[in-house]
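Worksheet for the structure shown next.
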Amino acid sequence: MRAASLLKTAFPIVAQYSGLGAALALRYRGAGTIFMLHSVVENGDGYPDHSLRCPAGKLADALHFLREDGVAFVSLDEMLERLKFPSGRPFAAFTFDDGFADSLTQALPVMERFGAPMTVYVATGMIERSLDAWWLALAEWIRRSDRVALPQAGLAFDCSDAAAKKRAFVAIEAAIHRDYDLLPQVRVALADEGIDCHAQLDREALTVEQLRELARHPLVTIGGHTDTHINLALAPEATACREMMSNRRFLEGIIGKPVVHFAYPFGNARACGDREAAIAHAVGFKTAVTTRSGAIFSGHLDHLYALPREVLSADDTPPSLRCKLDGVYRAFQSHLGDPVARM
Ligand SMILES: [Zn+2]
């Protein structure tokens, strides 16, 4: 095991048994937590994009741990009520980004077993198969290769085993997010490998009928996620506004219900800020979630368009889930600053 991976595994255990986690929880544990997932798969083996692929068994383990810990499972609407009228019992809300078919086929059966509400944020391009989902295609390239290289960018990675594939995916994805000018090179490499992003969406994304079926389920809320999964902060204001508005209308047209919750694509500080929060409000959403770390506090009633989330992934264990509930990662990321994560 590499040092970074060992640290990641060991840190939650140390935090729990040293009392550090409990000490930080006094300030950083909020009223509840919003968990973020993407795809839920039967078996996570073989996926380089493992942080986006939670095995269904792992999701069930996490729900079991949280239920035993006394956490109440709530929808986002119920979360808002609990922030206005605190009940004392901690809550968890579960969100699934993008519009994977497995939100219906893999995640929902687990959520049903625990009576846990779920919000599925759907990009129009997933349903219409028009999304430029380069991250899915990149994962497929790495999955089927022993080595991947982007020579013009000076990047080359060994991909000969599962751990190497995960490292390569994380490194290339991060490089693209640092510099989107890398994307044309990535697209050329994908085309050379014969990887067809649209065929992949056909296999992985919700169909219109599956989206309707999900939306009819009493545990499910459908939320907006833009038309093209665009980095909103880099787009002109009119484009950002149109992406949110058009996606909202598209989803409402299919499910026949109001869509009032939103997730910023990519969700980090480089992908959403005060301008995007103002647009989400103007477009008519009641809440918007980021991918920043942190618990949810009643103070978030003044920052409903900047709600943080904690990742729930295949790597989670009871100690790491405890750290997430306690706001430990927020404490470190904010350098012991404000517990209320906002834009
Ligand atoms: Zn997304």
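The values are calculated or read from the model by the stated rules, or taken from the named source; none is laboratory data. Remember, it's a predicted structure, so these values are computed and weren't measured experimentally. As a convention, Cβ positions derive from the backbone with ideal geometry for all residues, glycine included, and neighbour counts pool all protein chains shown.
Key figures for this structure:
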{"quantity": "Set 116, 92, 189, 149: member being in contact (Cβ under 8 Å) with a residue 60 or more places away in the chain and not in a loop (DSSP other than H, G, I, E, B)", "calculated": "92"}
{"quantity": "All positions within the stretch 72-92 that are within 24 Å of residue 315 (Cα to Cα) and buried (at least 19 other Cβ atoms within 10 Å of the Cβ)", "calculated": "73, 74, 90, 91, 92"}
{"quantity": "Selection from the stretch 204-233 of residues that are free of Cβ contacts under 8 Å to residues at least 40 places away in the same chain and either of a type in the set (Ser, Thr, Tyr) or farther than 24 Å from residue 271 by Cβ (or both)", "calculated": "209, 216, 218"}
{"quantity": "Within the stretch 184-203, tally of residues that are exposed (fewer than 14 other Cβ atoms within 10 Å of the Cβ) and closer than 25 Å to residue 269 by Cα", "calculated": "1"}
{"quantity": "Conditions (1) outside the structural domain of residue 327 (by TED's automatic domain parsing); (2) buried (at least 21 other Cβ atoms within 10 Å of the Cβ): number failed by residue 63", "calculated": "(1)"}
{"quantity": "Total residues in the stretch 126-142, condition assigned to a helix (DSSP H, G or I) and either acidic (Asp, Glu) or in contact with a Gly (Cβ under 9 Å, 6 or more places away or on another chain) (or both)", "calculated": "4"}
{"quantity": "Number of the condition not met by residue 118 [criteria: (1) aliphatic (A, V, I, L, M); (2) more than 24 Å from residue 200 (Cα to Cα); (3) surrounded by fewer than 23 Cβ atoms within 10 Å (Cβ to Cβ)]", "calculated": "(3)"}
{"quantity": "Residue selected from the stretch 40-52 under the condition buried (at least 22 other Cβ atoms within 10 Å of the Cβ) and in contact with a Leu (Cβ under 9 Å, 6 or more places away or on another chain), by the criterion modelled with the lowest pLDDT", "calculated": "48"}
{"quantity": "Filtered residues of the stretch 140-199 (kept if among the polar types (S, T, N, Q) and touching a strand residue (DSSP E or B) at 6+ places or on another chain (Cβ under 6 Å))", "calculated": "185"}
{"quantity": "Condition broken by residue 213, with the remaining ones in (1) over 20 Å from the mean Cα position of the chain (by Cα); (2) over 18 Å from residue 100 (Cα atoms) satisfied", "calculated": "(2)"}
{"quantity": "Residues that are within 15 Å of the ligand (Cβ to nearest atom) and part of a helix (DSSP H, G or I), drawn from the stretch 241-265", "calculated": "243, 244, 247, 251"}
{"quantity": "Number of the condition not met by residue 305 [criteria: (1) among the hydroxyl-bearing types (Ser, Thr, Tyr); (2) within 20 Å of residue 29 (Cβ to Cβ); (3) more than 14 Å from the ligand (Cβ to nearest atom)]", "calculated": "(2)"}
{"quantity": "Number of positions in the stretch 121-148 that are crowded, with 19+ Cβ neighbours inside 10 Å, in contact with a Ser or Thr (Cβ under 9 Å, 6 or more places away or on another chain) and more than 16 Å from residue 206 (Cα to Cα)", "calculated": "0"}
